[in-house]
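Chemist: Starting off with a structure, shown below.
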Amino acid sequence: MEITVAKYAGFCFGVERAVTTVYDIIEKHKGKKIYTLGLLIHNPVIVEKLRKSGVEAIEEDAIDGILEKNENAVFVIRAHGVKKEIADKIRARESTELLLVDCTCPFVAKIHRIMDEHTSEETFTLLFGTDDHPEIIGIASHIRGEYFIFDSLEKLNSAFDVWLGEKNVSKQIIMASQTTQNLAEYKKCQEFLKKHCTNRKIFDTICNVTENRQLEVDKLAQKCDAILVIGGKNSSNTKKLFEISRRHNANTFFVEHFTDIPKNITLMPHVGIAAGASTPGYMIEEVKKIMSEQENFAKLLDESFKTLNTGDKVSGIVTSVSNTEVHVDIGSKVTGILTLENVTDDSTAKLENLFKVGDAVEAVAIRVSDLDGIAMLSKKKVDAQKDWLKVVEAAENETVLEGKITDAVKGGVIAHALSNRIFIPASQTMVARGGDLASIVGTVQKFKLIEVTPEKRHAVGSIRKVVMEERKAAEEAFWANIEEGKQYTGKVKSLTSYGAFVDLGGVDGMVHTSELSWTRIASPKDVVSVGDEITVFVKAFDREKGRISLGYKTEETNPWNIFTNKYAAGDVADVTVVSIMPFGAFAQILPGVDGLIHISQIANKKLGSPAEVLNKGDVVKAKILEIDMENKKVSLSVCALLNEEEAAPAEADAE
């Protein structure tokens, strides 16, 4: 007999996350009562194991009574999610004694967010799913406005004219699906809506793992003589697999317990095995074992929980530690063994420093030998699995991560964060197109996750998203606080013929050429250069157009103010001749302030032209005769100083 197991059979990411989290809660919160709000997953075997571990599944009507007792407890939201009001009620009562842990599958939580963000009293929501399924009940609690639940094109078609034609013709239509529904049927409903409604938003919310399972089972059922579908009969996705297989293969059997396996199944030449998202891997292995070895069903059922298989997750207690291996009691007939390479990538670490006798350990069995009585374990795999859950949560919560860029690869770079490799496409790195990606290797970068594929443990990040969001936040903060006269220190970003653009921190402003200097300039580059850090102030702004007019010159830098603060009439200054005119010479006292030396004030004799005594560029001493504050003019005299020099000896002789 040939046995083919579907590639996507068994626990999906969301279910594995929920089960792993609850087992962690059992270990971390000993002494607390643990409640799951409804069945954690739709698998009676797993639910029974959890019940024996002290986990009680309760219904909605029991919650108020437990909350009133205010007991030391942990409430766990199941993988399917719960009603929004239930979660809110418990969350409002959270304390150190009473905890709420949300194990809602990330793909279901995504639909909750879609309903929160896109539905209103002005929308009508079409929800493809089973109306009494807990996932649909939870999703519906997030919908604002009217909605309609259906599970087939036929039901959608028959109800369409009634609810759309009578009262909802002007409303936008929102359509989404339960994550575990039949993909082919949902596609038909999408096409129907596209033909009959233009004002619609359609969301593809069937889990891609569910989609892969259904496509695979569809093919498997057509090539096998019989199909076993393993899982809980109250599991929506498992029932869908059964229905899809049954369309092609009459020999399709639903296996909820090992005793459900048909006794004559081994007579079939080729048997396919499919399993729902709530089915643990060990059940699939046991079904294979039962069919191949034809052992007693009841005995196997009793021993199934005691048998250790490769890939099983185990918990145990360290019984001994040496420099080469750690022995772990895993409650089985074999002894668990950990070696350094299966604990950490740090080759310099010492097992004696990492473990001590009595430590609790979680690991995965990577090789089991009943003959030798040992099971080689890997703690790294469990740690990596936990870290991967953190990666998915970071993607779900849009958390900003930090990671070191370790490699430049084809099409992008690799960053390490949360013990995982994150691929960042070149277009998301902020390196210019065609630029050298190796330039950021070795740097620590902030990024967000924009795509996560749980079944492949593949994550894609974006540095650009973080940079753009930071820029947007900085821009919004800038516009919220801008006011005329406010000073900023920024960098000159670019120069034009009419002014300089200055980066004020994510927002650009412009300093017109006339505002760069108190004196006439030919070009902005006469005053500033690209990259210069300068202090400017806001002259005017228009938020709608995104324009900011900046000033650079200030009264403190006004040459006339500097001049009047430094000099007064009667003071002597060294001045530079800047031009010769028939009536006199203009001389620079300070940059931006010139004075006139009238021809009569150049020498103590009559001149035909100022050029007889002065040349352009000459530096001479001159006395300030008069300052015209209103017209900003200065009268200078060289002659006055010459006369004073001649008068000095005569006064001395007279004495």
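Chemist: Please find, among Lys299, Lys306, the residue that is loosely packed, with under 14 Cβ neighbours inside 10 Å, at pLDDT below 70 and assigned to a loop (DSSP other than H, G, I, E, B). Before you say what the answer is, go through the steps one by one.
Modeler: On the way: Lys299 fails: assigned to a loop (DSSP other than H, G, I, E, B).
Only one candidate passes the filter, namely Lys306.
Chemist: So is Ile90 under 17 Å from Glu56 (Cα atoms), assigned to a helix (DSSP H, G or I), in contact with a strand residue (DSSP E or B) (Cβ under 7 Å, 6 or more places away or on another chain) and modelled with pLDDT of 85 or more or not? Step through it out loud before you land on a result.
Modeler: Values: under 17 Å from Glu56 (Cα atoms): yes; assigned to a helix (DSSP H, G or I): yes; in contact with a strand residue (DSSP E or B) (Cβ under 7 Å, 6 or more places away or on another chain): yes; modelled with pLDDT of 85 or more: yes.
In short, yes.
Chemist: Filter region 343-363 down to the residues that are among the polar types (S, T, N, Q) and modelled with pLDDT of 90 or more and list them by number. Before you say what the answer is, go through the steps one by one.
Modeler: The initial filter retains those residues of region 343-363 that are among the polar types (S, T, N, Q), namely 344, 347-348, 353.
Listed by number, the list holds a single entry, Asn353.
Chemist: If you don't mind, another one. Applying the selection to region 525-552, what residues are modelled with pLDDT of 90 or more, out of contact with any strand residue (DSSP E or B) (no Cβ under 7 Å at 6 or more places or on another chain) and on the phi > 0 side of the Ramachandran plot?
Modeler: Those that are modelled with pLDDT of 90 or more, out of contact with any strand residue (DSSP E or B) (no Cβ under 7 Å at 6 or more places or on another chain) and on the phi > 0 side of the Ramachandran plot: none in region 525-552.
Chemist: Can I ask one more? Which residue pairs have Cβ atoms under 8 Å apart, sit 6 or more places apart or on different chains, and have a first residue in region 561-584 that is more than 27 Å from Ala611 (Cβ to Cβ) and a second that is loosely packed, with under 15 Cβ neighbours inside 10 Å and of a type outside the set (A, V, I, L, M)?
Modeler: Listed by first residue and then by second, the contacts come to Asn561/Glu555; Ala569/Glu626.
Residue-wise test of (1) closer than 16 Å to Cys105 by Cβ; (2) at pLDDT below 85.
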| position | (1), (2) |
| --- | --- |
| His133 | yes, no |
| Glu154 | no, no |
| Lys171 | no, yes |
| Ile174 | no, no |
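Chemist: One residue is enough: does region 24-32 have a residue meeting the conditions part of a helix (DSSP H, G or I), free of Cβ contacts under 8 Å to residues at least 24 places away in the same chain and either hydrophobic (A, V, I, L, M, F, W, C) or over 22 Å from Val287 (Cβ atoms) (or both)?
Modeler: Taking region 24-32 as the starting set, the residues that turn out to be part of a helix (DSSP H, G or I) are 24-28.
Next, from what is left, pick out any that are free of Cβ contacts under 8 Å to residues at least 24 places away in the same chain: 24, 28.
Next cut, either hydrophobic (A, V, I, L, M, F, W, C) or over 22 Å from Val287 (Cβ atoms) (or both) only: 24, 28.
For region 24-32, residues part of a helix (DSSP H, G or I), free of Cβ contacts under 8 Å to residues at least 24 places away in the same chain and either hydrophobic (A, V, I, L, M, F, W, C) or over 22 Å from Val287 (Cβ atoms) (or both): present.
Chemist: Here is a further query. Looking at (1) of a type in the set (Ser, Thr, Tyr); (2) within 30 Å of Tyr23 (Cα to Cα); (3) in contact with a strand residue (DSSP E or B) (Cβ under 7 Å, 6 or more places away or on another chain), which is the one condition that is false for Ser419?
Modeler: (3)
Chemist: Step by step: first the residues of region 235-261, then only those that are more than 20 Å from Tyr282 (Cα to Cα) and of a type in the set (S, T, N, Q), then the one that is modelled with the lowest pLDDT. Which residue is that?
Modeler: Ser236
Chemist: Might you let me know whether region 573-581 holds any residue that is within 27 Å of Ile482 (Cβ to Cβ), buried (at least 19 other Cβ atoms within 10 Å of the Cβ) and modelled with pLDDT of 90 or more? Spell out the reasoning first.
Modeler: So the first thing to find is which residues in region 573-581 are within 27 Å of Ile482 (Cβ to Cβ), and the list is none.
No: zero hits.
Chemist: Then there is this: Which numbered condition in (1) modelled with pLDDT under 90; (2) more than 30 Å from Val634 (Cβ to Cβ) is the only one that Val492 fails?
Modeler: Only one criterion in (1) modelled with pLDDT under 90; (2) more than 30 Å from Val634 (Cβ to Cβ) is unmet by Val492, namely (1).
Chemist: Within region 391-407, how many residues are part of a strand (DSSP E or B) and either touching a residue at least 60 places away in the same chain (Cβ under 8 Å) or of a type in the set (Phe, Trp, Tyr) (or both)?
Modeler: Residues of region 391-407 part of a strand (DSSP E or B): 401-407.
Among the residues that remain, those that are also either touching a residue at least 60 places away in the same chain (Cβ under 8 Å) or of a type in the set (Phe, Trp, Tyr) (or both) are: 401.
Result for region 391-407: 1.
Chemist: Right, something else. Please verify whether region 211-234 includes one or more residues that are among the basic types (Lys, Arg), in a loop (DSSP other than H, G, I, E, B) and either modelled with pLDDT of 90 or more or surrounded by fewer than 19 Cβ atoms within 10 Å (Cβ to Cβ) (or both). Full working, then the answer.
Modeler: Filtering region 211-234 for residues among the basic types (Lys, Arg) gives 213, 219, 223, 233.
Still in the list and also in a loop (DSSP other than H, G, I, E, B): 233.
Those left that are additionally either modelled with pLDDT of 90 or more or surrounded by fewer than 19 Cβ atoms within 10 Å (Cβ to Cβ) (or both): 233.
Yes, region 211-234 has at least one match.
Chemist: While we're on this one: Within region 515-522, does at least one residue satisfy the condition of being under 43 Å from the mean Cα position of the chain (by Cα) and either surrounded by 12 or more Cβ atoms within 10 Å (Cβ to Cβ) or assigned to a helix (DSSP H, G or I) (or both)? Spell out the reasoning first.
Modeler: To start, the set of residues in region 515-522 that are under 43 Å from the mean Cα position of the chain (by Cα) comprises 515-516.
Now restrict to residues that are either surrounded by 12 or more Cβ atoms within 10 Å (Cβ to Cβ) or assigned to a helix (DSSP H, G or I) (or both): 515-516.
Within region 515-522, one or more residues are under 43 Å from the mean Cα position of the chain (by Cα) and either surrounded by 12 or more Cβ atoms within 10 Å (Cβ to Cβ) or assigned to a helix (DSSP H, G or I) (or both).
Chemist: Would you mention how many residues in region 323-337 are touching an Asp or Glu at 6+ places or on another chain (Cβ under 8 Å) and either surrounded by 13 or more Cβ atoms within 10 Å (Cβ to Cβ) or at pLDDT 90 or above (or both)? Show your work before the answer.
Modeler: Of region 323-337, the ones touching an Asp or Glu at 6+ places or on another chain (Cβ under 8 Å) are 323, 333-337.
Still in the list and also either surrounded by 13 or more Cβ atoms within 10 Å (Cβ to Cβ) or at pLDDT 90 or above (or both): 334-337.
Looking only at that region, the number is 4.
Chemist: Next question, about the same structure. How about region 1-45: which of its residues are surrounded by fewer than 19 Cβ atoms within 10 Å (Cβ to Cβ) and small (Gly, Ala, Ser)?
Modeler: Across region 1-45, the qualifying residue is only Gly31.
Chemist: Now a separate question. Of all residues in region 387-411, which are among the polar types (S, T, N, Q) and more than 27 Å from Glu362 (Cβ to Cβ)? Show your work before the answer.
Modeler: Taking region 387-411 as the starting set, the residues that turn out to be among the polar types (S, T, N, Q) are 397, 399, 406.
Matches in region 387-411: Thr406 only.
Chemist: Would you check which residues across region 327-353 are in contact with a Lys or Arg (Cβ under 9 Å, 6 or more places away or on another chain) and among the hydrophobic types (A, V, I, L, M, F, W, C) and list them? Let's see the steps before the verdict.
Modeler: Of region 327-353, the ones in contact with a Lys or Arg (Cβ under 9 Å, 6 or more places away or on another chain) are 331-333, 338, 340-345.
Leu338, Leu340, Val343, listed by residue number.
Chemist: Could you name every one of the strands (runs of 3 or more DSSP E) located completely within region 536-655 that has at least 3 residues being in contact with a Pro (Cβ under 8 Å, 6 or more places away or on another chain)?
Modeler: Working: elements: 547-551, 572-581, 584-590, 593-598, 619-628, 633-637.
Answer list for region 536-655: 584-590.
Chemist: Let me ask something else about it. Which residues, taken from region 109-135, are more than 25 Å from Ala394 (Cα to Cα) and of a type in the set (A, V, I, L, M)?
Modeler: Passing the criteria: Leu126, Leu127.
Chemist: Still on this structure, please answer the following. What tally of residues in region 262-271 results from selecting those that are within 22 Å of Tyr282 (Cα to Cα), modelled with pLDDT under 85, not polar (S, T, N, Q) and not in a loop (DSSP other than H, G, I, E, B)?
Modeler: The total comes to 1.
Chemist: Evaluate region 175-189: report whether one residue or more is within 24 Å of Ile46 (Cβ to Cβ) and free of Cβ contacts under 8 Å to residues at least 24 places away in the same chain.
Modeler: No, region 175-189 contains no residue that is within 24 Å of Ile46 (Cβ to Cβ) and free of Cβ contacts under 8 Å to residues at least 24 places away in the same chain.
Chemist: Is it the case that Val15 is within 30 Å of the chain's Cα centre (by Cα) and touching a residue at least 40 places away in the same chain (Cβ under 8 Å)?
Modeler: Yes.
Chemist: Here is a follow-up. Under the condition of being surrounded by fewer than 20 Cβ atoms within 10 Å (Cβ to Cβ) and part of a loop (DSSP other than H, G, I, E, B), which residue from region 134-148 is farthest from the chain's Cα centre (by Cα)?
Modeler: That would be Gly145.
Chemist: Among the residues of region 408-429, is any surrounded by 16 or more Cβ atoms within 10 Å (Cβ to Cβ), part of a helix (DSSP H, G or I) and not assigned by TED's automatic domain parsing to the domain that holds Ile521?
Modeler: For region 408-429, residues surrounded by 16 or more Cβ atoms within 10 Å (Cβ to Cβ), part of a helix (DSSP H, G or I) and not assigned by TED's automatic domain parsing to the domain that holds Ile521: present.
Chemist: A further question on this structure: Is there a residue in region 540-563 that is under 30 Å from Met468 (Cα atoms), of a type in the set (Val, Ile, Thr) and surrounded by 18 or more Cβ atoms within 10 Å (Cβ to Cβ)? Please lay out each step first, then the result.
Modeler: Within region 540-563, the first condition is being under 30 Å from Met468 (Cα atoms), and the residues that meet it are 540-552.
Those still in the list that are of a type in the set (Val, Ile, Thr) too: 548.
Now restrict to residues that are surrounded by 18 or more Cβ atoms within 10 Å (Cβ to Cβ): 548.
Yes, that holds for at least one residue.
Chemist: Restricting to region 62-96, name every residue that is in contact (Cβ under 8 Å) with a residue 60 or more places away in the chain and more than 24 Å from the chain's Cα centre (by Cα).
Modeler: Quick first cut of region 62-96, residues in contact (Cβ under 8 Å) with a residue 60 or more places away in the chain only: 78-79.
If the condition is that a residue be in contact (Cβ under 8 Å) with a residue 60 or more places away in the chain and more than 24 Å from the chain's Cα centre (by Cα), then Arg78 is the only one that fits.
Chemist: Yes or no: Lys288 out of contact with any Lys or Arg (no Cβ under 6 Å at 6 or more places or on another chain), closer than 19 Å to Val19 by Cα and charged (D, E, K, R)?
Modeler: Values: out of contact with any Lys or Arg (no Cβ under 6 Å at 6 or more places or on another chain): yes; closer than 19 Å to Val19 by Cα: no; charged (D, E, K, R): yes.
So Lys288 does not fit the description; no.
Chemist: When you look at Thr259, is it surrounded by fewer than 16 Cβ atoms within 10 Å (Cβ to Cβ), more than 22 Å from Phe13 (Cα to Cα), not small (Gly, Ala, Ser) and not assigned by TED's automatic domain parsing to the domain that holds Leu156, yes or no?
Modeler: Numbers: surrounded by fewer than 16 Cβ atoms within 10 Å (Cβ to Cβ): yes; more than 22 Å from Phe13 (Cα to Cα): yes; not small (Gly, Ala, Ser): yes; not assigned by TED's automatic domain parsing to the domain that holds Leu156: yes.
So Thr259 fits the description; yes.
The values are calculated or read from the model by the stated rules, or taken from the named source; none is laboratory data. Given the structure is predicted, the values throughout are model-derived calculations rather than measurements. Please note: Cβ atoms are built from the backbone with ideal geometry, for glycine as well, and neighbour counts cover all protein chains shown.
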